[in-house]
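Peer 1: Okay, here's the structure, questions in a sec.
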Amino acid sequence: MTFNNSKMKQKPSVHKPQPHYRPVRQVVTQKKNKPPSLITNLIQNEIFWLGLLLVLVIIAYFPIFSKEFINLDDPIYVFQNPDVQDFSLSRLGAIFGNFYTAQYSPFGTVLNGIIYHFWKDNPLPYNVFSILLHLTCTILVYRFIKELIGDFRIAFLCTVFFALNPLQVESVAWYASVYKTSLYVIFFLGALIFYIKYVKTGKWLYYFLSLLFFLFSFFCKEQAIALSLVVIAIDYLLKRNLLNRKILLEKIPFLLISVMIGFLTILATLSYLGPKFTVTNWSLVERIVFLCYSLSIYLVKLIVPFNLCLFYPYFKIESSSFYLFCFVLPLILVAFWNGIKKNDRFFIFGILFFIFNLLPTLSIQVLGARLTFMAERYMYLSCLGFYLIIARIITYLLKKRSLPYFLILSVCTIYILTMTVLTYNRCKFWQNTGTIMNDAINKYPGLSVPYSNCARYYRSHQENEKALNMLNRYLQLQPNLSNDECVEVFGLRGNVCFDLGLDSIALFDYSRAISCSSKDVTVFSHRGALLCRMGRYPEAKNDLNTAWKLDKSFSDTYINRAILFSITGKTDSANLDFEHFLLLEPTKAIKVYYNRGLSYMNRNLFIEAIKDFTNGVKNEPGNGNLYNQRSYCFYKLGQYEKAREDIDKASRLGVIIDPGFLQILETKEKKRK
């Protein structure tokens, strides 16, 4: 079979017309963006978080509102400071031109003077100002860090750690520390904020404001001296050329102010202490060990604030293991060098801020001029350097998601709430002198200082048996007293024993105090009162006259001598001394009314006695002893109904009534009926 290779016939292609489609216009519906909700706005609002923190701070420090003054330094800076007691604008020159108790803090004195002028010795306004100052510091800490690095999370976390660490309670609760520490930090941070603004804008106004606030900070506390170093650390963080001529010239005014601060601080210390200025007996090596030990404890307590105390006394280094704490310095240097190698300016700045602000305290530590090797108030500002590093680590973990986001936030929240609770509980220990001193005694029972302060507190609250126990313990721990300490301690124990009726011990203590100083008017006056009670009138008169010669303005001498004159029948002299006492102590007229009333009673002048006791009741209606004595006078005048009313009133006020006298009144009342 053969195939024909000729071309095969192809069918012609037929064109089929395509249907025509009308294009359809597609309508795209865009979703409208809903405005963020109120909750979203709040979460993204920095002011909301800062406000929430301030509320948390108020809650944490709430027990401070009800605290009393602490008898350690509080009376010295408030009630014994003449510039505070008699504050007026005319005294500003004296306030700024003089030192007070080795301190130069004119701004603090002015603040105390203003508060005292309006509220006197009411502790509530002082406590309110303490918390307000801490809140102000909290806001400024946030503003400083936000201005410096611009990161909200780091600034907020660092501010939270600063505001709510229990280590800060001493700087907020102890008013003797508050009015200097908080004030200086406010101006210190203000100076740094203005300096950062100057660096970023170049405006000289900010530069001069920074210098002015630096000076203001010094007018509050000498620790402001560290600012001249901190501004150099800020230059380093902001990548300024530290060797630039203009930048070097900028630092000269800061350094001059620091030199002035150092000079005036030394002058203030020497002018007050003079030859009494002493250093501890520790060797230089031991001082360095204590320095390293305190530095280590500071760092640990910033994270885990345990075993906090008002005092941290030196201790005998009995084990070589304590020398291991010296490794903290090389560790800090290694960390510092590692930061330089990695060009981690933030990390370096944190270390420098921490060390620079601790440097004034650490230098004194090396000199050995402190009675304690550390104090919590010294960490109030310097802790920011440490917390900056911690806050940066947390934010780094949040960004890198190396750990679950929820886990990091949960741990931080639990930690912050724990610190808040611990701060609240720590504030309770600062309620009064008794609570904070007993806390120190429990933690350091071998330390003598808290016992004497506790004794004075118990004495002021009429708990004389507790006061006596504290004083006895103090003398066991501190047998070798200086003359000034001898007068203070034995004079105090003499007063306690006087009130307890332990006349022989009181006489021994007063005599011991006088043997240490023959120029203490209080001891002579009190011994005179004791001798009068013991019936040794000539000796009492000699002591009271000696007290009068030593200080004619000491009011107790007049009231004690008036009682002596009343007993010995020298009525005119007694009345004269009573009048002198009223001139010196017009607010203590109750003492005159009571003692002069007793004098009239002893001389059977019951009508005159009733007048004095009645005047006393008008001044102090809650004094049951006045009713008790007036009851006896009414009885002697035959006014049995009034006598019974007074004795019932005295009983309700807590006075222990003589059952024999009460029975006599009941008998008289039955006969009258």
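The values are calculated or read from the model by the stated rules, or taken from the named source; none is laboratory data. Computed from a predicted model, the values in this text were never measured in an experiment. Every residue, glycine among them, receives a Cβ derived from its backbone with ideal geometry; neighbour counts consider all protein chains shown. Note: areas computed on protein heavy atoms with side chains; ligands, DNA, RNA excluded. Shrake-Rupley method; radii C 1.70, N 1.55, O 1.52, S 1.80 Å.
Peer 1: State whether one or more residues within segment 547-554 are within 28 Å of residue 600 (Cα to Cα), within 28 Å of the chain's Cα centre (by Cα), in a loop (DSSP other than H, G, I, E, B) and not β-branched (Val, Ile, Thr).
Peer 2: No: zero hits.
Conditions tested, residue by residue: (1) surrounded by fewer than 17 Cβ atoms within 10 Å (Cβ to Cβ); (2) modelled with pLDDT of 90 or more; (3) more than 16 Å from residue 374 (Cα to Cα); (4) of a type in the set (Val, Ile, Thr).
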site: 270; (1), (2), (3), (4): yes, no, yes, no
site: 277; (1), (2), (3), (4): yes, no, yes, no
site: 289; (1), (2), (3), (4): no, no, no, yes
site: 296; (1), (2), (3), (4): no, no, no, no
site: 324; (1), (2), (3), (4): yes, no, yes, no
site: 333; (1), (2), (3), (4): yes, no, yes, no
site: 345; (1), (2), (3), (4): yes, yes, yes, no
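Peer 1: Another one. Scan segment 580-639 for residues that are charged (D, E, K, R), farther than 19 Å from residue 533 by Cβ and out of contact with any Lys or Arg (no Cβ under 8 Å at 6 or more places or on another chain) and report the count.
Peer 2: 7
Peer 1: Another one. Taking the residues in segment 373-405 that are touching a Ser or Thr at 6+ places or on another chain (Cβ under 7 Å) and among the hydroxyl-bearing types (Ser, Thr, Tyr) as candidates, determine which candidate is most open to solvent (accessible area, probe 1.4 Å).
Peer 2: Out of the qualifying residues, it is 378.
Peer 1: Continuing with this model, one more query. Looking only at segment 627-652, filter to residues that are hydrophobic (A, V, I, L, M, F, W, C) and surrounded by 15 or more Cβ atoms within 10 Å (Cβ to Cβ); which one of those is nearest to residue 612 (Cα to Cα)?
Peer 2: 633
Peer 1: Output the number of the condition that residue 616 fails; it satisfies all remaining conditions of (1) more than 38 Å from the chain's Cα centre (by Cα); (2) crowded, with 22+ Cβ neighbours inside 10 Å.
Peer 2: The number of the failed condition is (1).
Peer 1: Run residue 228 past the list (1) farther than 19 Å from residue 382 by Cα; (2) in contact (Cβ under 8 Å) with a residue 12 or more places away in the chain; (3) of a type outside the set (Asp, Glu) and report the number of the one that doesn't hold.
Peer 2: It fails just one condition, (1).
Peer 1: Now for a different question. Just give me the residues in segment 55-94 being in a helix (DSSP H, G or I), in contact with a helix residue (DSSP H, G or I) (Cβ under 9 Å, 6 or more places away or on another chain) and among the polar types (S, T, N, Q), in sequence order.
Peer 2: Residues satisfying the conditions are 66, 85.
Peer 1: Inspect all residues belonging to segment 518-539 and state whether any of them is assigned to a helix (DSSP H, G or I), over 23 Å from residue 452 (Cβ atoms), open to solvent by 30 Å² or more (accessible area, probe 1.4 Å) and not charged (D, E, K, R).
Peer 2: So far as segment 518-539 goes, yes, one or more of its residues are assigned to a helix (DSSP H, G or I), over 23 Å from residue 452 (Cβ atoms), open to solvent by 30 Å² or more (accessible area, probe 1.4 Å) and not charged (D, E, K, R).
Peer 1: All but one of (1) within 23 Å of residue 64 (Cβ to Cβ); (2) open to solvent by less than 10 Å² (accessible area, probe 1.4 Å); (3) of a type in the set (A, V, I, L, M, F, W, C) hold for residue 144, so report the exception by its number.
Peer 2: Among (1) within 23 Å of residue 64 (Cβ to Cβ); (2) open to solvent by less than 10 Å² (accessible area, probe 1.4 Å); (3) of a type in the set (A, V, I, L, M, F, W, C), the lone unmet condition for residue 144 is (1).
Peer 1: With (1) in a helix (DSSP H, G or I); (2) closer than 23 Å to residue 382 by Cβ as the list, and residue 250 as the residue in question, which single condition is left unmet?
Peer 2: (2)
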